[in-house]
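Just below is one structure, and these are the notes that go with it.
The values are calculated or read from the model by the stated rules, or taken from the named source; none is laboratory data. None of the values given here were measured: they were computed from a predicted structure. Note: ideal-geometry Cβ built from the backbone for every residue, glycine included; neighbour counts use all protein chains shown. To get the accessible areas, we keep the full protein, side chains included, count just its heavy atoms, and leave off ligands, DNA and RNA. Shrake-Rupley method; radii C 1.70, N 1.55, O 1.52, S 1.80 Å.
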Amino acid sequence: MKTFFKAFLVLFLAISANAQTKLWGTKFDVDFKSEMDLQLVLNDNYNYYLASVINVDGMMASHQVIIRKFDQKNQLVDTFIQKFPLTDMFTLHNYLGGYQSGEDKFVVFTQGYSNKTKKNQIDKIVFDKKSGTFTTTTIAEYDILSLSKSGSMYSMQSQNGNYIGIVYQKYNTKKDPEDNECFVLDTKTLEVVWKKTISFPIESNTNERVLTNSGKFVFVRTVKEVGYNNVLAIADTNGIENKDFGVALKLQKPTAISIGTQDYLVAFNYPAKGIRRGDFGSLMLYDLQLGKILQNNDIDGFNSIKDIADVVIRNVNIQNNEIHLFVDPKYKAGTKPDPTFPNSAFTVPVYYYGQSSLIVLGLDGKFKTKVGLNETGNLADIFNSFGLINFRGSYYLNLGNTSGFFKLNVPDFTREQKASINVVYEDNEFKYGNYINQLCHYYADSSKLLLAKKYDDGKMVFVTYNDIKL
C-alpha cells in the first residue's frame, strides 16, 4: 500500500508539473498576405499592442499602419489605422521601418514619391497609446527627376535602441558624386540629434549602412582605388573618417555593437580575392576606433544551406566576457504567384528562415562555440526561426509547436525544456495553427508568458501561460 501511494504521489507531481493554466483570447482576423513586420509593442500590466504595416502597390494598392490593442484577457479591444501620407493619388510608397519610442509611442517611417509632383519625402507616423491617435510629420522633402531616378531611402536602429538613423541616398550616375542625406533621431523623443549631407567621390558606391550605439553612421563602400573592395566611412556631424581592412574583403550586412564605450562591427564576410568558402564562411570582429580586424573566424555550416540568401544577426548580448550572437539563416525555397499581379504568370521568390544558431565569441573576437537552436524552416514573410527572451542573464527560446519553449542554460548552453510550458498539447479549439515565434513576452511581476498563434484561415490568437517561473 505504501509503495502504491508513493507511485501515485510521483505520478500526481509529474502531472501537476506539466499542468498548464492558460488564458486564450478570441481569434481575430489578420491579412497575412498583405500585412508585414508584425511586432508586439507597448506592453504594460494592462494592455499590449500588435503593430503591422500594409504596403501594397498595383491594382489592390493599400498603404497603412495598423495598431491592434489587447487587454489582460488577450481580447482585441480596439484597432487603430492610419494611411501613409499622400502627395497625390499617384504617390508610391516604401515602408522604411517601425520602432517603439519610449513606453507610450510607436513610430513608422515611410518614403513617398510621385512622378507627377516630382517630389520625394520622408515621413514619420507616430502612434500615441495614451490618446489612441496618430500624428504624421514630414521630416524632409526633395526634388526628383522621375520615379526611376528618385534615389533610395533606408532606416535603421542602433543595437542599444537609443538611436534611429535615416539615410536618403540621392540618385546619381557614375560620373556624379554620391550624396547621402543623413538623419539621426533620439529614439525616445524622436527629435533629430544631428543631420548632415555626406558626400562620396565618383566611381564609388555604398553597399551597406549601419548605425552605431554612439549615433554614428558606418558606410560599407566599394571604391575603384582599391579594386572595388570594401572600405569603411564613419560619419557623424563633424565629418567623415575613412577606414579599411588591410585585406581584400566583401562584407555582408554588418551589425554595430559596443563593448563598454567602444564601438565594433560584427559581420559575415568573404575574401574578394583567392579561395572563397561561400558568402557566409567567415565572421569578423572589427574595432572601429583602431580601424583593425581583431579576429576573422572560419564558420562552418551556413554555406552548406541550399540557396542561402542571408544570415540575419537578430540578437546580440555581451555577458560573461563573451559576445553572444543569435543568428537566423534565410534561404530561397521556391516561388509563389506575385500578389501585386493576381491571375498572372508573374512569380516572386519564397524565403524561409531556418537552422538558426547561437555563435559565441570572446571579447577579442575569437570563436568559441556554435550552438544549434532550430532546424525547422519557417516562412520568412511571417515567422522567425525563434523568439528570444533574455531574463536575468538566462536565455529562453520560443521555437514553436513541436520544439516548444526551452531554457538555454548559461554558460554551458545546455538545453532545458521548461516542464510547465508544453505548447504541443493544446485545447481543442486552438490546437491547430502555428506559433509566431518572435511574438512572445514575459511579464516578470505576474509570472505570465504571452504567445501568439496563426491559423491557415487568416485568424490569429494570443494566449497567456500563467504561473511561469523563469
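Observations
- For the range 241-388, the number of Lys pairs with C-alpha atoms closer than 16 Å, counting only pairs eight or more positions apart or on separate chains, is 7.
- The HN-Hα couplings worked out from phi for the range 183-199 by the Karplus form 6.51 cos²θ - 1.76 cosθ + 1.60 (θ = phi - 60°) are 10, 10, 10, 6, 4, 6, 8, 6, 8, 6, 7, 7, 9, 6, 8, 10, 10 Hz, whole numbers, x standing for Gly and Pro.
- Between amide H atoms placed 1.01 Å from N, distances below 5 Å from I299 occur with S282, L283, all of them 5 or more places distant or on a separate chain.
- Taking every C-alpha pair closer than 8 Å and separated by at least 6 residues, the mean separation divided by the residue count of the chain gives a relative contact order of 10 percent.
- Contact order relative to length of the range 82-213, as percent, for alpha carbon pairs under 8 angstrom and 6 or more apart: 17
- Mean residue ellipticity, 222 nm, helices only, the chain: the sum of -39500 (n - 2.57) across DSSP H runs of n ≥ 4, divided by residue count and rounded to 500, is -1000 deg cm²/dmol.
- Inter-label distance for D176 and D467, nm, one decimal - labels placed 7 Å from Cα along Cα-to-Cβ: 6.7
- Extension reserve of the S146-D364 stretch, reckoned as 0.36 nm per residue once the Cα distance is removed: 73.7 nm
- Principal axis extents of the C-alpha atoms in the range 136-177 (largest first, rounded to whole Å): 37, 27, 14.
- Close amide H pairs (under 5 Å, H built 1.01 Å from N) link Y351 with A333, A380, D381, residues at least 5 positions away or on another chain.
- Pair-distance profile P(r), taking every C-alpha pair of the chain, with 20 angstrom steps and integer %: 21, 56, 21, 2, 0
- Note, ³J(HN,Hα) from phi for the range 22-35, Karplus 6.51, -1.76, 1.60, rounded to Hz, x at Gly and Pro: 10, 10, 8, x, 9, 4, 9, 7, 9, 8, 5, 6, 10, 6
- Selection from F341, N297, L283 lying farthest towards where the dipole of the range 283-346 points positive, charges on Cβ: F341
- Per residue, the solvent-accessible area of the range 139-270 (1.4 Å probe, heavy atoms of protein chains only, all protein chains present) comes to 45 Å².
- Distance from the range 426-466 to the range 301-344 (C-alpha centre basis), Å: 23
- Couplings 3J(HN,Hα) for the range 268-273, derived from phi with the Karplus relation 6.51 cos²θ - 1.76 cosθ + 1.60 (θ = phi - 60°), are 5, 7, 8, x, 6, 9 Hz, where x marks Gly and Pro.
- The portion of the accessible surface of the chain made up by carbon and sulfur, rounded to a whole percent, is 49 (1.4 Å probe; DNA, RNA and ligands excluded).
- At most 13 other Cβ within 10 Å, DSSP loop - trypsin sites (Lys or Arg not before Pro), the range 280-349: K306
- For G151, distant residues with modelled amide H under 5 Å away: Y171
- Spin-label model, Y455 to L294: label points 7 Å out along the Cα-to-beta-carbon direction sit 5.0 nm apart.
- Taking one quarter of the surface of the convex hull spanned by the alpha-carbon atoms of the range 49-192 gives a direction-averaged projected area of 10.1 nm².
- V350-N390 pseudo-label distance in nm [points 7 Å out on the Cα-to-Cβ vector]: 3.4
- Restriction of the trypsin sites (Lys or Arg not before Pro) in the range 170-265 to DSSP coil positions whose beta-carbon has at most 10 other beta-carbons within 10 angstrom yields K174, K175.
- Overall Cα dimensions of the range 220-372, principal axis frame, Å, largest first: 55, 39, 36
- FRET E, pair T136, N162, Förster distance 25 Å, beta-carbon r, rounded to 0.05: 0.55
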